[in-house]
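Below: one structure, written as structure tokens.
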Amino acid sequence: MKKMTLENIAKILSAQFFRKEDYQEHLIEKIITDSRSFFDIEHSVFVALIGPRNNGHNYIEGLIAKGVSAFIVSETGVISDKASYILVPDTTKALQQLAAFVRRQFKYPVIGITGSNGKTIVKEWLFSILSGQFKIVRNPKSYNSQVGVPLSVLLMEERYNLAIFEAGISQPGEMQNLSEIIQPEIGIFTNIGDAHQEGFVSTKQKINEKLLLFGSCKKLVYCEDQEKTNLLIDEFCVEKNIEKVGWSFKNRASKLFFTYKTETGSTKISAFYQNHEIHFEIPFSDFSSLENVCHCFAAATALNADLTVIADEFKHLFPVEMRLEIKRGINNCLLVNDYYNSDLNSLGIALSVLQQQAAKAQLSKLVILSDIKQTGLPKAELYRQVNHLLQEWETVEIIGIGEEISSHREAFAMKGSFYPSTEAFLNQVNRSKYQSAAILIKGARQFMFEKISAYLQSKAHLTRLEIDLNALTHNLNVYRSLLKPETKIMVMVKAFSYGSGDIEIASTLQYQHVDYLAVAVSDEGVHLRNAGITTPIIVMNPEQQSFQNIIEYGLEPNIYSTPLLESFIKTAEQFGVKDFPVHLKIDTGMNRLGFKTESELIKVTERIKQNSYLKIKSVFSHLAGSDESTFDDFTQSQFMIFDKITNLVAKMLDYKFDRHILNSAGIERFPEKQYEMVRLGIGLYGVSGTGLPLRNIGKLMSTVSQVKNVQPDETVGYSRKGKVTEESIIAVVPLGYADGLDRKLSNRNGSVFINSQRAPIIGNICMDMMMADVTGLDVKPGDAVEIFGDNISISEIAEKAGTIPYEILTGISQRVKRIYLQE
Ligand SMILES: *Cc1c(COP(=O)(O)O)cnc(C)c1O
């Protein structure tokens, strides 16, 4: 965000500023509203918001104890003279005011998006197609509320040249606020849903309220095919003197006219625009995606972006996560998962997707539905309408979960059963009851319907790496049990967390309160920060080009050489940071990165002491042979050097720093050397050299695609390497060396696990496939295949492939889908 002093901020808010005794003026770079966030103590200010369930003022005391010294508050209560604060009547309003001020500092175009559905998708897709031509700032996730929008707008900086913000409202009167904060120049009105949702009395009132976002716009993008909306938009645009950028599927005379042809899984679209004809394709075939894509295209015309370039981008669009998910279920069932929101509108959309999926395979339709939240309707009327919708979409059965829906069970005309909670349902459910049905699983977030989905999900489909997050937590706790309670843990999440995933793993670890995450390069750290990870992150191999990102994203560099230190100091100076945390790496015998001599280290420490830019947070080293007892003498010598050097540094500094040298095997074998912190890697992912009771976290799974007979004179695969001596049965499995399966496992060296038995790999492993000899086993297409997991260990595979488990784990290709399981 734009840097400001607390004095500036107080002035912008016309509020009183109370300085603590030893207050020194400095620049604020981060506005924080979540007390669990990352704090750059010097440069953050905490805004104590008061929400329906939570009062930010309750966290102030704890934050002061942590050293946070700047607050924006509406109650002075616990703040004495230990912190500086700005006193305002309403902290949410203050946040909005500040964002509106920041917004006015930038002249680049701002796109504002609102409507009943599709806001996040249109925003994310616009971002995808325009990223090649613009530097874009946008709302993280769907931060589109009265707090989310200001937090998003505060992210605006000079380095961007386009902003895309979505705005969502839950009741009348809110949009004007958001409009003043976003001040869009180009508007996108996605669509309008049913009036009752969101507490409006009529569709007209609702449309008019949403249009308030666009008061400042020069251009407004919308679909002309919705008559009611069209009329109101006409009036609005005339009154406000806004250029209409309407598009249509129906009206050839429209300025922007689209035709389309739907195919399985994709749609070909033609756009007719100012005597041009542009053709492109999207990897979706449902109507909502089509509508969203057309909004994006129209917005690109309003921006005068290069349309031929953009046309090419459309085929790479991805579904926006956290939305509908379609999965194969047990017993020929199909699951449509939508457990991230629940309202009438999105129920309608989900039912239409269910309809599509059910029709394909002629399945009957069943809906598992939770209580519906966030609606302005009286409950009886609400569930009457839900029943109506379900009937309209020919649902044959409802399973209602929640106290509310259960108490309105008589509203439903179809076959139904009701449970007070997800647990109650799972305790009573009988899987065999569900046969050849398309099942919509839709519930409000807190019902955690993912558990139901996991339960009804077919275990045998596609090639995938299943990651068990509970096992991860278990392993973390196993290592914790070897450490003193006060010893900090840094978890190595470099290399896509040893192949197991980035954001999912990092958020699990953050939730488990690990003290540090370590990535290899700064991009990995930026990626985590962008995903909302606030745990301190150390970058092991920082590069000069990444210093700016390191500072802006609050990452902490490993400083391992003098040139690196000098150039980091230079950047730190440019940014005017103070006490920026850095970590010194010393080389005690590995002969990889690090300062090797005492004299080097003395100079470096002196240099850091000389100025106020950097602060040494930790000094560390790495063991070269911690897992092998033959090297124990050498390891002890590493400890000795480490002690000597860290003592030296400690003498030179007037503040404390952490020391750490143990990796996973080190923790297991030399727990007495845990110092203040340890660095956990492979052990977390389930591999232990000393036989700790770890759980396996990853299962590499696939499915048999085809089964065939092979005669003794025939061979299997390339170079005719797969020989059989008798009539044999071969199973083809769609996973090859391009997925990360080591080719050295070919020709019966390795095996896979199918239907409770091992089957040797026959012939050479191909790029995308391999064959297993399943003679004598009862195997059919569709059966699950384990490559490694509970039955075949990663260590075994590594040994057969002549490598180490690390390489097996990190070698699983990115194209293998990671599926996360959590109880
Ligand atoms: C990767 C790494 C670790 C973790 O090692 P494991 O053997 O996986 O526990 C620790 N420290 C450093 C510096 C590393 O690069």
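Which pairs do you get when a residue that is part of a loop (DSSP other than H, G, I, E, B), found in the stretch 128-144, comes within reach of a residue that is small (G, A, S) and open to solvent by less than 20 Å² (accessible area, probe 1.4 Å), reach meaning Cβ atoms under 7 angstrom, with the pair 6+ apart or on two chains?
The qualifying pairs are Q133/A305; N139/G148; N139/S152; P140/S152; Y143/S152; N144/A167; N144/G168.
When you scan the stretch 211-224, do you find a residue that is at negative phi and free of Cβ contacts under 8 Å to residues at least 24 places away in the same chain, even just one?
Going through the stretch 211-224, the residues at negative phi turn out to be 211-224.
Now restrict to residues that are free of Cβ contacts under 8 Å to residues at least 24 places away in the same chain: none.
No, there is no match, as no residue in the stretch 211-224 is at negative phi and free of Cβ contacts under 8 Å to residues at least 24 places away in the same chain.
Mind listing whichever residues of the stretch 552-573 are away from the ligand (no atom under 16 Å from the Cβ) and part of a loop (DSSP other than H, G, I, E, B)?
Passing the criteria: Y553, G554.
What residue, of E157, E124, is open to solvent by 30 Å² or more (accessible area, probe 1.4 Å), touching a residue at least 60 places away in the same chain (Cβ under 8 Å), closer than 26 Å to P319 by Cα and not β-branched (V, I, T)? Please lay out each step first, then the result.
On the way: E157 fails: closer than 26 Å to P319 by Cα.
The conditions single out E124.
Looking only at the stretch 447-477, how many residues end up being farther than 25 Å from Q814 by Cα and open to solvent by 20 Å² or more (accessible area, probe 1.4 Å)?
Filtering the stretch 447-477 down to residues farther than 25 Å from Q814 by Cα leaves 447-449, 451-452, 455-456, 474, 477.
Applying the additional criterion that residues be open to solvent by 20 Å² or more (accessible area, probe 1.4 Å) yields 447-448, 451, 455, 474, 477.
Residues that pass the stated criteria total 6.
Mind telling me which of the residues N549, N530 ends up being open to solvent by 40 Å² or more (accessible area, probe 1.4 Å), in contact with a helix residue (DSSP H, G or I) (Cβ under 6 Å, 6 or more places away or on another chain) and more than 16 Å from the ligand (Cβ to nearest atom)? Give the steps one after another, and end with the answer.
Working: N530 fails: in contact with a helix residue (DSSP H, G or I) (Cβ under 6 Å, 6 or more places away or on another chain).
Of N549, N530, the one residue that is open to solvent by 40 Å² or more (accessible area, probe 1.4 Å), in contact with a helix residue (DSSP H, G or I) (Cβ under 6 Å, 6 or more places away or on another chain) and more than 16 Å from the ligand (Cβ to nearest atom) is N549.
Condition check ((1) open to solvent by 10 Å² or more (accessible area, probe 1.4 Å); (2) within 30 Å of the chain's Cα centre (by Cα); (3) in contact (Cβ under 8 Å) with a residue 40 or more places away in the chain) across all residues:
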position	(1), (2), (3)
K644	yes, no, yes
N647	yes, no, no
L653	yes, no, yes
N663	yes, yes, yes
G666	no, no, yes
P671	yes, no, yes
E676	yes, no, yes
L684	no, yes, yes
T690	yes, no, no
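Any idea how many residues of the stretch 707-721 are closer than 14 Å to V774 by Cα and in contact with a Lys or Arg (Cβ under 9 Å, 6 or more places away or on another chain)?
Looking only at that region, the number is 2.
Taking the criterion of being away from the ligand (no atom under 16 Å from the Cβ), modelled with pLDDT of 95 or more, crowded, with 19+ Cβ neighbours inside 10 Å and within 22 Å of L517 (Cα to Cα), would at least one residue in the stretch 576-595 satisfy it?
yes
Could you pull out the residue among V733, V779 that is under 28 Å from I505 (Cβ atoms) and not acidic (D, E)?
Working: V779 fails: under 28 Å from I505 (Cβ atoms).
It is V733.
Those residues that are within 13 Å of the ligand (Cβ to nearest atom), free of Cβ contacts under 8 Å to residues at least 40 places away in the same chain and either open to solvent by less than 40 Å² (accessible area, probe 1.4 Å) or under 18 Å from the mean Cα position of the chain (by Cα) (or both), I need them from the stretch 478-522; list them, please.
Correct list: V493, L517, V519, A520.
Here is a check on your reading of the model: is S626 part of a loop (DSSP other than H, G, I, E, B) and either within 16 Å of the ligand (Cβ to nearest atom) or at pLDDT below 95 (or both)?
Numbers: part of a loop (DSSP other than H, G, I, E, B): yes; either within 16 Å of the ligand (Cβ to nearest atom) or at pLDDT below 95 (or both): yes.
Against the criterion (part of a loop (DSSP other than H, G, I, E, B) and either within 16 Å of the ligand (Cβ to nearest atom) or at pLDDT below 95 (or both)), S626 qualifies.
Can you name every residue in the stretch 596-623 that is open to solvent by 60 Å² or more (accessible area, probe 1.4 Å) and either within 15 Å of the ligand (Cβ to nearest atom) or in a strand (DSSP E or B) (or both)?
Residues of the stretch 596-623 that are open to solvent by 60 Å² or more (accessible area, probe 1.4 Å), as a first pass: 596-600, 602-603, 606-607, 609-610, 615, 617.
Matches in the stretch 596-623: K615, K617.
The values are calculated or read from the model by the stated rules, or taken from the named source; none is laboratory data. Computed from a prediction, not measured in an experiment: that's the story for all the values here. Here Cβ is always computed from backbone atoms with ideal geometry, including for glycine, and neighbour counts include all displayed protein chains. What goes into the accessible areas is simple: the full protein's heavy atoms, side chains included, and nothing from ligands, DNA or RNA. Shrake-Rupley method; radii C 1.70, N 1.55, O 1.52, S 1.80 Å.
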